[in-house]
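S.K.: There's a structure below that I have some questions on.
The values are calculated or read from the model by the stated rules, or taken from the named source; none is laboratory data. As the structure is a computational prediction, the values presented were derived from the model and not from experiment. Every residue, glycine as well, gets a Cβ built from its backbone with ideal geometry; the counts of neighbours run over all protein chains shown. For accessibility, only protein heavy atoms count, side chains too; no ligands or nucleic acids. Shrake-Rupley method; radii C 1.70, N 1.55, O 1.52, S 1.80 Å.
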Amino acid sequence: MAMHRIRVKVNGAAHESEVESRLLLVHYLREMLRLTGTHIGCDTTHCGACTVLLDGRPVKSCTVLAVQADGRDVMTVEGLEKDGKLDPIQEGFFQEHGLQCGYCTPGMMMTSHALLQRNPNPSEGEIRQAISGNLCRCTGYVNIVKSVQHAAAAARSRS
Amino acid sequence: MIPASFDYHQPKTLSEAIGLLSRLGEGAKVLSGGQSLLPLLKLRLGSAGHLVDIGRVPGLEDIREEGGFLKIGGRARESDLEHSDVVRKKYPILADTAAVIADPLVRNMATVGGNLAHGDPANDHPATMLALGATVVATGSKGERTIPIDQFFTGLFETALAHDEILTEIRIPVPPPKSGGAYVKLERKVGDFATAGAAAQLTLGAGGEVVRAGIGLTNAGMTPVRAAAAEKFLQGKKLDEATVRQAARLAADAADPSPDRRGSVEYKREMARVLTARALKRAASRAQGA
């Protein structure tokens, strides 16, 4: 069994772990670091439930090896809340009822959070384009788009 | 799903990566973005004894114009290509292509070099690179060599790369004035492979006649397809309705698609025709600066 020592920063905290080379990033986060907010959905690079930020960019963590994250920064849904205060994107999903079953929600929020970092005032089309790799089977996306718009407006009025 | 066990190597330089590939032999595979390779390993449709991750090798991510070429580093990410200023301004065919590969999350990991080196005729960049007349730079234990894109795709999932060679750069000639291109893809949903796709790159003369035409087709055979007869037919002609129609028909004749859940052979060939006509029209209007 090929093992490797990796150093990864997750939600600002440094971790050093011994991992098998074939370990997927999503399994590393959920099973070794016990950060179970990141969901496993399709496990085939389609649904985006496992989306995390790798060096600030949203990626599908079921299709990244833990060893590929060596030396990098990972942010999961657990990293959104700061000092007991929800991130605007979490507040947006809460206020606009952006979820029903909640399975896609962590991935949706990570993708949307990254979008708003890059583009604080996205159009509806840009939001829909950004989340086109995240599947929701409940809401038809209408409330998800509203949630992102709510977050964008809140972030704008705060700054 | 968990891939079968493999060993993983993280070279810090290009020569170290090539050294590993030549030492490890055929059982080693290059890991770039991993967005095609990892799903194959997870589904156990493919296997590798060793993965050589080129993710830390410096200097493979640049996208820049230099010496008459647009040079795209082999590990440049699709999302970087999609958002590159020079690409959006002067190579809209590449921006068109990058924007329809898989989905935005996959494009944050997936690389342009990987899209070509995977040798999958369903991938989108091959058709575009055929239309643009690109050259691929391969670096291996014997040094660097250039491979014209026409000679790069040798079979289904097979390319001209030797097992110890890494696709380090793609070179695209800077298009002359009055050039334009477009890529048009029909997909059932975001993230799906193309039902059909057509890339067209045109350079027009002073009188609006075609000086150079490049046409490539996606998912239209065992390898990416260049529509050579259609390109030749367009030479010297003005792009009126009848000319576009005839060129699109010739391009569709070059398509030899396989039937699957995306459609029958007849449907896919017809879509290749329709999409080639659309790509030619869009390329022409971009070449005219419209």
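S.K.: Considering segment B:175-191 alone, what residues qualify as being among the charged types (D, E, K, R) and free of Cβ contacts under 8 Å to residues at least 12 places away in the same chain? Explain how you work it out, then say what you get.
M.R.: Just the residues of segment B:175-191 that are among the charged types (D, E, K, R), to begin with: B:178, B:185, B:187-189.
Of everything in segment B:175-191, just one residue is among the charged types (D, E, K, R) and free of Cβ contacts under 8 Å to residues at least 12 places away in the same chain, namely B:K189.
S.K.: Please work out if B:V137 is open to solvent by less than 30 Å² (accessible area, probe 1.4 Å), of a type outside the set (G, A, S) and more than 28 Å from B:K268 (Cβ to Cβ). Full working, then the answer.
M.R.: Values: open to solvent by less than 30 Å² (accessible area, probe 1.4 Å): yes; of a type outside the set (G, A, S): yes; more than 28 Å from B:K268 (Cβ to Cβ): yes.
Here the answer is yes, as B:V137 does meet what is asked.
S.K.: Sticking with this one: Every residue in segment B:187-203 that is within 17 Å of B:R282 (Cα to Cα) and either in the same structural domain as B:P126 (by TED's automatic domain parsing) or surrounded by fewer than 21 Cβ atoms within 10 Å (Cβ to Cβ) (or both), please.
M.R.: Matches in segment B:187-203: B:T203 only.
S.K.: Assess whether A:G102 counts as being without any contact (Cβ under 8 Å) to a residue 60 or more places away in the chain, surrounded by 22 or more Cβ atoms within 10 Å (Cβ to Cβ), in a loop (DSSP other than H, G, I, E, B) and out of contact with any strand residue (DSSP E or B) (no Cβ under 9 Å at 6 or more places or on another chain).
M.R.: Values: without any contact (Cβ under 8 Å) to a residue 60 or more places away in the chain: yes; surrounded by 22 or more Cβ atoms within 10 Å (Cβ to Cβ): no; in a loop (DSSP other than H, G, I, E, B): yes; out of contact with any strand residue (DSSP E or B) (no Cβ under 9 Å at 6 or more places or on another chain): yes.
Criteria not met by A:G102.
S.K.: Restricting attention to segment A:131-143, which residues are of a type in the set (V, I, T) and either more than 23 Å from B:I101 (Cβ to Cβ) or not in a helix (DSSP H, G or I) (or both)? Before you say what the answer is, go through the steps one by one.
M.R.: Taking segment A:131-143 first, the residues of a type in the set (V, I, T) are A:131, A:139, A:142.
Within segment A:131-143, A:T139, A:V142 meet the criteria.
S.K.: Also: Could you grab me the full set of residues in segment A:26-37 that are under 20 Å from B:G33 (Cβ atoms) and either surrounded by fewer than 21 Cβ atoms within 10 Å (Cβ to Cβ) or not hydrophobic (A, V, I, L, M, F, W, C) (or both)?
M.R.: Taking segment A:26-37 as the starting set, the residues that turn out to be under 20 Å from B:G33 (Cβ atoms) are A:26-29.
Scanning segment A:26-37 gives A:H27, A:Y28.
S.K.: So if I check each of B:A283, B:A287, B:A251, which one is in contact with a helix residue (DSSP H, G or I) (Cβ under 6 Å, 6 or more places away or on another chain) and either in contact (Cβ under 8 Å) with a residue 12 or more places away in the chain or open to solvent by 30 Å² or more (accessible area, probe 1.4 Å) (or both)? So that I can check it myself, show each step before the final result.
M.R.: Values: B:A283 fails: in contact with a helix residue (DSSP H, G or I) (Cβ under 6 Å, 6 or more places away or on another chain); B:A287 fails: in contact with a helix residue (DSSP H, G or I) (Cβ under 6 Å, 6 or more places away or on another chain).
None of the others qualify; the one that does is B:A251.
S.K.: Could you tell me whether segment B:145-162 includes any residue that is acidic (D, E) and assigned by TED's automatic domain parsing to the domain that holds B:D124?
M.R.: From segment B:145-162, those acidic (D, E) are B:150, B:158; that's our starting set.
From what is left, the residues that are assigned by TED's automatic domain parsing to the domain that holds B:D124 are B:150, B:158.
The answer is yes, given that some residue of segment B:145-162 is acidic (D, E) and assigned by TED's automatic domain parsing to the domain that holds B:D124.
S.K.: Against the definition (open to solvent by less than 20 Å² (accessible area, probe 1.4 Å), in contact (Cβ under 8 Å) with a residue 40 or more places away in the chain, of a type in the set (S, T, Y) and more than 10 Å from chain B (Cβ to nearest Cβ)), how does A:T51 come out, yes or no?
M.R.: no
S.K.: Please determine, by comparing only the residues of segment A:105-125 that are hydroxyl-bearing (S, T, Y), away from chain B (no Cβ under 11 Å) and under 17 Å from the mean Cα position of the chain (by Cα), which one is surrounded by the most Cβ atoms within 10 Å (Cβ to Cβ).
M.R.: Residues of segment A:105-125 that are hydroxyl-bearing (S, T, Y), as a first pass: A:105, A:111-112, A:123.
Still in the list and also away from chain B (no Cβ under 11 Å): A:105, A:112, A:123.
Pick out the ones that are also under 17 Å from the mean Cα position of the chain (by Cα) and you get A:105, A:112.
Numbers: A:T105: 24, A:S112: 30.
Ranking the candidates gives A:S112 first.
S.K.: Still on this structure, I have one more. Name the single residue that is farthest from the other protein chains (Cβ to nearest Cβ) among those in segment B:20-45 being touching a residue at least 60 places away in the same chain (Cβ under 8 Å), open to solvent by 30 Å² or more (accessible area, probe 1.4 Å) and touching a His at 6+ places or on another chain (Cβ under 6 Å).
M.R.: B:E26
S.K.: Specify the residue that is farthest from A:M75 (Cα to Cα); the eligible residues are those in segment A:12-24 that are under 17 Å from the mean Cα position of the chain (by Cα) and surrounded by fewer than 20 Cβ atoms within 10 Å (Cβ to Cβ).
M.R.: Let us first name the residues in segment A:12-24 that are under 17 Å from the mean Cα position of the chain (by Cα), namely A:12-13, A:24.
Subsequent filtering for residues that are surrounded by fewer than 20 Cβ atoms within 10 Å (Cβ to Cβ) retains A:12-13.
Numbers: A:G12: 8, A:A13: 10 Å.
The extreme case among them is A:A13.
S.K.: Could you grab me the full set of residues in segment A:131-145 that are surrounded by 14 or more Cβ atoms within 10 Å (Cβ to Cβ), farther than 18 Å from A:K60 by Cα and β-branched (V, I, T)? Full working, then the answer.
M.R.: Initial filter on segment A:131-145 (surrounded by 14 or more Cβ atoms within 10 Å (Cβ to Cβ)): A:131-136, A:138-139, A:141, A:143-145.
Then keep just the ones that are farther than 18 Å from A:K60 by Cα; that gives A:138-139, A:141, A:143-145.
Those that are surrounded by 14 or more Cβ atoms within 10 Å (Cβ to Cβ), farther than 18 Å from A:K60 by Cα and β-branched (V, I, T): A:T139, A:I144, A:V145.
S.K.: Does any residue of segment A:28-42 turn out to be within 22 Å of B:L41 (Cα to Cα) and within 8 Å of another protein chain (Cβ to nearest Cβ)?
M.R.: no
S.K.: If you don't mind, there's one more thing I want to ask. Just for segment B:1-19: of the residues that are within 14 Å of chain A (Cβ to nearest Cβ) and surrounded by 16 or more Cβ atoms within 10 Å (Cβ to Cβ), which one is farthest from A:R22 (Cα to Cα)? So that I can check it myself, show each step before the final result.
M.R.: At the first step, the residues of segment B:1-19 found to be within 14 Å of chain A (Cβ to nearest Cβ) are B:1-12.
Retained after the next criterion (residues that are surrounded by 16 or more Cβ atoms within 10 Å (Cβ to Cβ)): B:3, B:6-11.
On the way: B:P3: 6, B:F6: 7, B:D7: 8, B:Y8: 8, B:H9: 12, B:Q10: 14, B:P11: 17 Å.
Among them, the one singled out is B:P11.
S.K.: All but one of (1) surrounded by fewer than 21 Cβ atoms within 10 Å (Cβ to Cβ); (2) in contact with a Gly (Cβ under 7 Å, 6 or more places away or on another chain); (3) outside any loop (DSSP other than H, G, I, E, B) hold for B:A162; which doesn't?
M.R.: For B:A162, the exception is condition (3).
S.K.: When you look at B:N123, is it buried (at least 21 other Cβ atoms within 10 Å of the Cβ), in a loop (DSSP other than H, G, I, E, B), within 14 Å of the chain's Cα centre (by Cα) and not aliphatic (A, V, I, L, M), yes or no? Walk me through how you get there before you give the answer.
M.R.: Details: buried (at least 21 other Cβ atoms within 10 Å of the Cβ): yes; in a loop (DSSP other than H, G, I, E, B): yes; within 14 Å of the chain's Cα centre (by Cα): yes; not aliphatic (A, V, I, L, M): yes.
When the stated conditions are applied, B:N123 passes them.
S.K.: From the residues in segment A:25-60 that are under 14 Å from A:C104 (Cβ atoms) and of a type in the set (S, T, Y), which one is nearest to the chain's Cα centre (by Cα)?
M.R.: A:T51
S.K.: Taking the condition within 14 Å of chain B (Cβ to nearest Cβ), open to solvent by 70 Å² or more (accessible area, probe 1.4 Å) and in a loop (DSSP other than H, G, I, E, B), does A:R128 pass? Even if it seems obvious, please write down each step before you answer.
M.R.: Working: within 14 Å of chain B (Cβ to nearest Cβ): yes; open to solvent by 70 Å² or more (accessible area, probe 1.4 Å): yes; in a loop (DSSP other than H, G, I, E, B): no.
No: the conditions fail for A:R128.
S.K.: Does A:D70 fit the bill of being acidic (D, E), within 14 Å of chain B (Cβ to nearest Cβ), crowded, with 19+ Cβ neighbours inside 10 Å and closer than 26 Å to B:H50 by Cα? So that I can check it myself, show each step before the final result.
M.R.: Details: acidic (D, E): yes; within 14 Å of chain B (Cβ to nearest Cβ): yes; crowded, with 19+ Cβ neighbours inside 10 Å: yes; closer than 26 Å to B:H50 by Cα: yes.
Here the answer is yes, as A:D70 does meet what is asked.
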